[in-house]
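Inspection log for the structure reproduced underneath, given as structure tokens.
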Amino acid sequence: MTNDDPKQAYREAYEAWQKHLSGVHDLLLEGNRLPPEQIKGLLNREARAKEKYDEARRRLLGIDD
């Protein structure tokens with residue numbers, strides 16, 4: 001994370017993850033169709049965003065690895 005403010009970094013990471021998670025929900029729950037290569041990209045972006053969110057949450061809680 002490049003943001004020195006843990007709260008702001010957390011907010012940004014959470015918002016980014018929710019954006020990507022919404023795309024996954026559109027695919028899985030709403031039945032939106034995508035070509036396989038776009039599905040792979042969507043899932044990879046969501047996974048990376050979740051990792052960044054988890055990292056920001058740990059930093060905010062003071063439990064850095």
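Any read-out appearing in this document is the output of simple, stated calculations on the displayed coordinates, not a laboratory observation. These numbers come from a predicted model, not from an experiment. Because the Cβ atoms are built from the backbone with ideal geometry, glycine has one as well, and the counts that use them run over all protein chains shown.
Has the stretch 40-55 got any residue that is part of a helix (DSSP H, G or I), touching a residue at least 24 places away in the same chain (Cβ under 8 Å) and among the hydroxyl-bearing types (S, T, Y)? Yes - at least one qualifying residue is present in the stretch 40-55. With respect to (1) in a loop (DSSP other than H, G, I, E, B); (2) within 11 Å of the chain's Cα centre (by Cα); (3) among the basic types (K, R), the lone exception for K19 is condition (1). Scanning the stretch 10-25 for residues that are in contact with a Leu (Cβ under 9 Å, 6 or more places away or on another chain) and farther than 13 Å from E51 by Cα yields G23, V24.
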